[in-house]
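Trainee: Questions regarding the structure given below will be posed in turn.
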Amino acid sequence: MHPIVIIGTGLAGFNTVKEFRKLDKETPIVMLTADDGRNYSKPMLSAGFTKEKTADDLCMATPEKVAEQFNVDVRTGVHVAGIDAANKRVLLPDDHLDYSKLVLALGADTWTPPLEGDAVGEVFSVNDLMDYGKFRAAVDGKKTVTILGGGLIGCEFANDLSNGGFQVSLVEPMGRCLPLLLPEQASEAVGRGLAELGVQFHFGPLAKAVHHGENGQLVTELSDGSKLESDVVLSAIGLRPRIGMAKEAGL
Ligand SMILES: Cc1cc2nc3c(=O)[nH]c(=O)nc-3n(C[C@H](O)[C@H](O)[C@H](O)COP(=O)(O)OP(=O)(O)OC[C@H]3O[C@@H](n4cnc5c(N)ncnc54)[C@H](O)[C@@H]3O)c2cc1C
């Protein structure tokens, strides 16, 4: 019998396995993930400086441990290229894998704004544990961070990085913190709390470009003509569900 195949070892994939194994201990399961398969809590990625946690500290279980605990075959570093739904197989870079049932637990991609400038490639986003490890390495020994986006993740990072001793500038075109989530009064309360931590807000303009400046600094250019200098730029503009593979498969 072909295994159940789960693509993704994040919260959705992991909890599917955990709950399924309460009912069925035997049916073969293969979990595929493009990343390193370490189990972690994603909300902790924006609380790591407050709690002084490195990427390794945030790892709750290795893929080997998950495999043993739930009697599953976890394959890491495998980027699934597509689904052949008619023949019930997932397409791997050089091979394929047949399934009896398929679970898509693919998560979301970060959305990067259409920025100009010669330092766009150095703008970070933090959407998984591997990103978090790279971001922590990048801010090590640095003092200033510009955050693009004042939604949930931008505000959480503003709070966390301030607690970690960084001077934070936050750019939010919609004019207040958490504009899509909170009414004005509550937004103001969040903004006041972050301002007390030292966060400097740039409400109204859009980020237009990120350039290399002097002395290794990055310069974020805003649509109102102002320029923000910082050591590191973090984009927290938004996430889009990874539905491309399902669409291509006609699901
Ligand atoms: C910084 C941050 C803070 C957050 N804070 C909160 C919070 O406080 N409260 C809250 O409710 N939510 C929060 N969220 C959102 C929440 O954490 C996520 O919605 C949730 O973790 C997503 O889980 P997932 O399993 O769907 O995706 P993920 O955990 O992203 O897992 C996706 C998996 O799919 C794999 N994958 C994707 N494409 C392929 C492919 N082609 N081939 C193979 N594998 C593939 C990846 O490798 C990964 O294993 C936060 C998110 C972030 C980024």
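The values are calculated or read from the model by the stated rules, or taken from the named source; none is laboratory data. Values in this document were obtained by computation on a predicted structure and should not be read as measured data. Methodologically, a virtual Cβ is constructed for each residue, glycine included, from the backbone with ideal geometry; neighbour enumeration extends over all protein chains shown. These area figures cover heavy atoms from the full protein model, side chains too; ligands, DNA and RNA do not enter into them. Shrake-Rupley method; radii C 1.70, N 1.55, O 1.52, S 1.80 Å.
Trainee: With θ set to phi - 60° and the Karplus curve 6.51 cos²θ - 1.76 cosθ + 1.60, what are the ³J(HN,Hα) couplings of the stretch 72-89 in order, to the nearest whole Hz, using x for Gly and Pro?
Mentor: Going residue by residue, I get 10, 9, 9, 10, 9, x, 10, 8, 6, 8, x, 10, 9, 5, 4, 9, 6, 9 Hz, with x marking Gly and Pro.
Trainee: In whole Hz, with x marking every Gly and Pro, tabulate ³J(HN,Hα) for the stretch 113-123 from phi via Karplus 6.51 cos²θ - 1.76 cosθ + 1.60, θ = phi - 60°.
Mentor: x, x, 8, 9, x, 7, 10, 4, x, 9, 6
Trainee: Can you tell me the FRET efficiency between E19 and K88 if r is taken as the Cβ-Cβ distance and R0 is 25 Å, rounded to the nearest 0.05?
Mentor: Using R0 = 25 Å, I get an efficiency of 0.65.
Trainee: Connecting C-alpha atoms closer than 10 Å in a GNM of the chain, tell me which of L180, L197, L170 has the biggest fluctuation.
Mentor: Of L180, L197, L170, the Gaussian network model singles out L180 as fluctuating most.
Trainee: Given H placed 1.01 Å from N in the peptide plane, which residues other than close sequence neighbours of L178 have an amide H under 5 Å from its amide H?
Mentor: G151
Trainee: If you only keep lysine pairs separated by 8 or more in sequence, or across chains, how many in the stretch 4-106 come under 22 Å at the Cα atoms?
Mentor: 12
Trainee: Turning to a different aspect of this structure: Short version: ³J(HN,Hα) in whole Hz for each residue of the stretch 177-182, in order, from phi by Karplus 6.51 cos²θ - 1.76 cosθ + 1.60 (θ = phi - 60°), x for Gly and Pro, what are they?
Mentor: Values per residue, Gly and Pro as x: 5, 6, x, 8, 10, 10 Hz.
Trainee: Just the number please: accessible area per residue for the stretch 115-169, 1.4 Å probe, all protein chains included, in Å².
Mentor: Per-residue value: 41 Å².
Trainee: Here is a follow-up. In the stretch 104-251, what % of DSSP beta bridges are antiparallel (nearest 5)?
Mentor: 45 percent
Trainee: Counting only protein heavy atoms and using a 1.4 Å probe, what share of the accessible area of the chain belongs to carbon plus sulfur, as a whole percent?
Mentor: 52 percent
Trainee: When the Cα centres of the stretch 138-187 and the stretch 1-73 are compared, how far apart do they sit, in Å?
Mentor: 29 Å
Trainee: Please report Rg (one decimal) and Dmax (integer) in Å for the Cα set of the chain.
Mentor: Looking at the chain, its Cα Rg and Dmax stand at 20.7, 63 Å.
Trainee: In terms of modelled amide H atoms, which long-range or inter-chain residues lie less than 5 Å from the amide H of I147?
Mentor: Hits under the 5 Å cutoff: S169, L170, V171, L234.
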